[in-house]
There are 2 protein chains.
Amino acid sequence: MTLSAKSALTMDANQEDRAKAIRDALRDAIVDRRLAPGTKLSEAEVGTLFDVSRTVVRYALQMLAFEGLVHSERNRGAFVSNPTPEDARQVFASRRLIEAGIVAEAARRLTKADVEAFRRHLEEEDRYKASRGPDARRAEIKASGDFHIMLARVAGNAVLEKFMDELVARSSLVIALYGRSGVSSCGHDDHALILEALQSGDVERATEMMLHHIGHIEADLDLRTGESLTLREALNL
Amino acid sequence: MTLSAKSALTMDANQEDRAKAIRDALRDAIVDRRLAPGTKLSEAEVGTLFDVSRTVVRYALQMLAFEGLVHSERNRGAFVSNPTPEDARQVFASRRLIEAGIVAEAARRLTKADVEAFRRHLEEEDRYKASRGPDARRAEIKASGDFHIMLARVAGNAVLEKFMDELVARSSLVIALYGRSGVSSCGHDDHALILEALQSGDVERATEMMLHHIGHIEADLDLRTGESLTLREALNL
DNA sequence: AAATAGGCTAGTGTATGCAATCTGGCTGCA
DNA sequence: TGCAGCCAGATTGCATACACTAGCCTATTT
């Protein structure tokens, strides 16, 4: 995949803080899998595409490096992260822990308005799932992650919300690398089941559903550790 | 507290990546409470102190902003964060969740070498606790946080370790702002009790101890939400 | 022919200059 | 006296210029 693949992206109108705009555009491209793991993000090239100087690009890349979406090597440049299977396991282990806590708190705080928002979101997810074509796939991936981020927001803890932003984005990278069946694994209508349990106030069941759901996603990954593992690390990360 | 208070800091020898060295120096100063919440971190001033250009300083400040230790306002500059009581609660709620998971995993992985390292660390903590003077207080604060970071490292999950780095640092800020009795709250020898439970392989008890410990720290805070709350927010954050 | 040394080029790291923005005080007017 | 508007100094945001490093290509030597 070449870098120009993201030229389709329009920078958000928000004229102020262009670094953030570029970061968001790049993150979307990475999460949407328009930028493959390992792709080099040249400062000059990105700068040209967005019509800003390297200074601003470097800021954006540093932010992405913090989120773990980009790997930065001194004097060599920045690359879309290429997580190892071990990284993948750690990301999902973290999600099990944190999302269990989020579900518990979200169950306590869930309002009718939240439920309504979730319903609309699930409908949107279903629409994308029913559609064909790469654009629908990308939208489905994004919407699927957004469900988890919405849940984090409902839980009302900004710290955990930030952590989840990072974990969801990194999960998408991991799935891009190691996923077998693509995104449809996030199907099973797990999200609907979680919402249902949350609505009924059954925290225990909601938690269990969430852990199952994460298990489903992880089960779809092919994380066998062949000798290609170290090779992959050596080559790119 | 004036910014020059950190001039006592020596930048780490590591010539490469000076931005990281500056970040670490500033973080230590913030966590040690040599830099009070709200202190302005002027790019030019920091640059002069460390003998680098503003470019490098900006990178360091951006990193600290990501960790939540610094609050950056467009066209106004960077300030040491001034967490609200609500921020404080969220930090501790996150710690309860994440450290419970860390304890469980650490219990499974704890080696004899780890235990030995913990013992040495506890002795060090005790030495600082017994000593007088502001330097010993600072060392005690840092060592107290390091215990939790060591634990995260033993758990072997790099993601959670990074989260804990951030949470421990932010906790120190919170304690600086809202702590009643200073650091000694982290006394109670809670750490020793946690280690003991871990050694005996009693995960449940270790988890309980950890939650109690975090409860102790949080109980020492004065988080009453007077009208000063919004005032504080308005003034500084 | 293979291996190594040396320079060449592309690209990153850092410093600096300029424009834009904010702060604080001053002046003029009501 | 109080307030609004404006000007000056200071500080940040961004772009550009220069310095340095890594990786590649070539040429020379064994």
**Complete:** Within region A:62-101, the residues that are more than 10 Å from chain B (Cβ to nearest Cβ) and aliphatic (A, V, I, L, M) are A:64, A:69, A:70, A:78, A:80, A:88
**Fill in**
Checked region A:52-74 for anything touching a Phe, Trp or Tyr at 6+ places or on another chain (Cβ under 8 Å), more than 11 Å from DNA strand C (Cβ to nearest atom), open to solvent by 20 Å² or more (accessible area, probe 1.4 Å) and not in a helix (DSSP H, G or I); matches are A:71
**Prompt:** So which residues in region A:37-51 are assigned to a helix (DSSP H, G or I) and more than 8 Å from DNA strand D (Cβ to nearest atom), if there are any at all?
**Reply:** A:43, A:44, A:45, A:46, A:48, A:49, A:50
**Prompt:** Here are B:96, B:89, B:58, B:132: which of them is more than 16 Å from DNA strand D (Cβ to nearest atom) and either of a type in the set (Val, Ile, Thr) or free of Cβ contacts under 8 Å to residues at least 24 places away in the same chain (or both)?
**Reply:** B:132
**Message:** Based on this model, can you work out whether residue B:114 counts as open to solvent by 60 Å² or more (accessible area, probe 1.4 Å) and away from chain A (no Cβ under 14 Å)?
**Reply:** no
**Asked** Is it the case that region B:158-175 has a residue that's away from every other protein chain (no Cβ under 14 Å) and surrounded by fewer than 20 Cβ atoms within 10 Å (Cβ to Cβ)?
**Response** no
**Complete:** Residue hits (region B:16-51; more than 14 Å from chain A (Cβ to nearest Cβ), open to solvent by 60 Å² or more (accessible area, probe 1.4 Å) and within 12 Å of DNA strand C (Cβ to nearest atom)) are B:40, B:48, B:51
**Fill in**
Checked against (1) closer than 19 Å to residue B:80 by Cβ; (2) modelled with pLDDT of 95 or more; (3) outside any helix (DSSP H, G or I), residue B:33 satisfies every condition except (2)
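The values are calculated or read from the model by the stated rules, or taken from the named source; none is laboratory data. Keep in mind the model is a prediction, meaning the values are calculated, not measured. Cβ: placed from backbone, ideal geometry, glycine included. Neighbour counts: every protein chain shown. Calculation scope for accessible area: heavy atoms of the full protein, side chains included, ligands and nucleic acids excluded. Shrake-Rupley method; radii C 1.70, N 1.55, O 1.52, S 1.80 Å.
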